[in-house]
Amino acid sequence: MEKKHLLGIENLKKEEIEEILETSKSFIEISKRPIKKVPVLRGKTVVNLFFEPSTRTRSSFEIAAKRLSADVMNFSSSVSSVRKGESLKDTVLNLEAMKTDLIIIRHSFSGAAKFLTTFCSSSVVNAGDGTHEHPTQALLDGMTVLEKKGRLDGLKVVIVGDILHSRVARSDIFLFSKMGSKVVISGPPTLIPGYFRGFPVEIDYNLDRALENADVVIMLRLQKERMQGGFFPSVREYRQKYQLTPERLIRTKPDAIVMHPGPINRGIELSSDVADSGRSVILEQVEKGVAVRMAVLSLLLGGER
Ligand code: CP
């Protein structure tokens, strides 16, 4: 891959996505070895720069970098000089002065990762910027589907819930449509504004209808932290119309898989019966995340396998 940064899926070519997924396959095996370490990025310094909470992405990038033998610095804004008013740019310039090679950033500002590329000499990876994109989540979602279904083209992928605030939804829409899947988005009209008609998707506000013959169902969390004002009358009504229950799952293909980027609001978008069922591949998504992030770090830093 010739790119220096990974900012989103929208600007990746299909061939580049294929290359990352192919490289990820070869990294799965390393995490199953007794000694889970290869010297691919020995001597490289990777910074995990998180301005928003994270369980999966942050730890997965850390594990991925360590398994590639890179040195990893974890930065948390809540215990840094950001609390004293230091700007994002000054923070990054000071960290770069320690000779970093790659910066992974999560920030509430859509465009934060791209902003870093305007003054950074390190590679930049977007680990989620506002409501814009979360590219490695989409890549690990693609990888999970590829393993379960053997292909991405020709599948019906239904993405359900808070589409408006979801960077995962946007990255997934770009990835699955580029790879030849049919993408359907479903949720309350207030959470699927009109501009989504310009995306390569079909919109169906009726979840029961949207689920018909689905191969893959991706449930999204209601992102209350990004909501100002009411987007639906009540959580009770949201559950009635958009919660994925065993009764609703019957509408999909019998071998359809259920995915969720996490964290799950159990009992709201997803019933525990479904989340913990054999159809759920949620923890497999997390497992794939390590391999995908190893692939991304190694491709961007030019490490040899
Ligand atoms: N999927 C995801 O981004 O989870 P975290 O917020 O825990 O990183």
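The values are calculated or read from the model by the stated rules, or taken from the named source; none is laboratory data. Not measured: the values here are computed from a predicted model. As a convention, Cβ positions derive from the backbone with ideal geometry for all residues, glycine included, and neighbour counts pool all protein chains shown. Note: accessible area is taken over every heavy atom of the protein model, side chains too, but ligands, DNA and RNA are not part of it. Shrake-Rupley method; radii C 1.70, N 1.55, O 1.52, S 1.80 Å.
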Practice task
Assign unit charges at the C-beta atoms only (+1 for Lys and Arg, -1 for Asp and Glu), then state the dipole size of region 66-106 relative to its Cα centre in Debye, rounded to the nearest 20.
Solution key: 180 debye
Problem - For region 135-281, alpha-carbon Rg relative to the globular expectation (2.2 N^0.38 Å, N residues) - result: 0.95
Problem - Label-point separation in nm, VAL235 to GLU15, each point 7 Å along Cα→Cβ - result: 4.9 nm
Fill in the blank from the handout: Distance in Å, no decimals, from the C-alpha centre of region 1-44 to the one of region 249-304 is 18 Å
Handout entry: In Hz, Karplus ³J(HN,Hα) per residue of region 163-170 (6.51, -1.76, 1.60; θ = phi - 60°; x = Gly, Pro)
Key = 5, 3, 9, 9, 5, 5, 4, 5
Handout entry: Selection from GLY111, ALA97, SER298 lying farthest towards where the dipole of the chain points positive, charges on Cβ
Key = ALA97
Exercise for the section: Run the dipole for region 132-262 about the Cα centre, Lys and Arg Cβ at +1, Asp and Glu Cβ at -1, nothing else charged, and hand back the magnitude in debye, nearest 20. Expected result: 120 debye
Practice task
Give the long-range amide H neighbours of LEU244: residues separated by 5 or more places, or on another chain, with amide H under 5 Å away, using H modelled in the peptide plane at 1.01 Å from N.
Solution key: LEU270, SER271
Exercise for the section: Convert each backbone phi in region 98-105 into a coupling constant with the Karplus relation 6.51 cos²θ - 1.76 cosθ + 1.60 (shift: θ = phi - 60°), then list the ³J(HN,Hα) values in order as whole Hz, x for Gly and Pro. Expected result: 8, 6, 7, 10, 8, 10, 9, 10
Exercise for the section: For region 277-291, take each phi angle, set θ = phi - 60°, evaluate the Karplus expression 6.51 cos²θ - 1.76 cosθ + 1.60, and give the result in whole Hz per residue in order, putting x for glycine and proline. Expected result: 7, x, 7, 7, 10, 4, 6, 5, 4, 5, 4, 5, x, 5, 5
Exercise for the section: Please report, in whole Å, how far the alpha carbons of region 123-182 spread along each principal axis, starting with the longest. Expected result: 31, 29, 17
Exercise for the section: Bin width 10 Å, alpha-carbon pairs only: give the P(r) of region 203-261 as whole percents, running from 0 to the bin holding the largest distance. Expected result: 20, 50, 25, 5
Exercise for the section: Quickly work out the SER121-to-ASN74 label distance, labels modelled 7 Å from Cα along the C-beta direction, and quote it in nm with one decimal. Expected result: 2.9 nm
Practice task
For the chain, with a Gaussian network of springs between Cα atoms less than 10 Å apart, report the residue from SER166, SER181, SER31 with the top mean-square fluctuation.
Solution key: SER31
Fill in the blank from the handout: Using eta = 1.306 mPa s and T = 10 °C, Stokes-Einstein with Kirkwood Rh from Cα pairs puts D for the chain, in µm² s⁻¹, at 80 µm²/s
Completion exercise
Cα pairs beyond 14 Å in region 266-305, in percent, come to 60 percent
Completion exercise
Over the chain, the sum of -39500 (n - 2.57) across DSSP H runs of at least four, divided by residue number and rounded to 500 deg cm²/dmol, gives at 222 nm -10500 deg cm²/dmol
Completion exercise
Residues whose built amide H sits under 5 Å from the amide H of SER280, excluding neighbours closer than 5 in sequence, are VAL258
Handout entry: Partners for LYS66 among aspartates and glutamates (Cα-Cα distance below 16 Å; same-chain residues under 8 apart left out)
Key = GLU29, ASP101, GLU287, GLU304
Fill in the blank from the handout: Using alpha-carbon coordinates alone, the radius of gyration and Dmax of region 217-291 in Å work out to 13.3, 41
Fill in the blank from the handout: With a 29 Å threshold on alpha-carbon distance, the violating pairs from LYS178/LYS253; LYS32/LYS241; LYS84/LYS224; LYS3/LYS182; LYS241/LYS288; LYS32/LYS224 are LYS32/LYS241; LYS241/LYS288; LYS32/LYS224
Completion exercise
In the chain, taking the dipole from +1 charges on Lys and Arg beta carbons and -1 charges on Asp and Glu beta carbons about the Cα centre, the listed residue (GLY198, LEU146, MET179) farthest towards the positive end is LEU146
Handout entry: Carbon + sulfur, % of accessible area of the chain - ligands and nucleic acids excluded, 1.4 Å
Key = 50 percent
Fill in the blank from the handout: Computed for the chain: size of charge dipole around the Cα centre, +1 on C-beta of each Lys and Arg, -1 on C-beta of each Asp and Glu, debye to nearest 20, value 440 debye
Practice task
Convert 37 °C to kelvin, take the viscosity as 0.692 mPa s, use the Kirkwood radius over C-alpha pairs of region 8-111 as Rh, and evaluate the Stokes-Einstein diffusion coefficient in µm²/s, rounded to a whole number.
Solution key: 212 µm²/s
Problem - Top positive-direction residue, dipole computed over region 135-281 with Cβ charges, set SER280, LEU270, PRO135 - result: PRO135
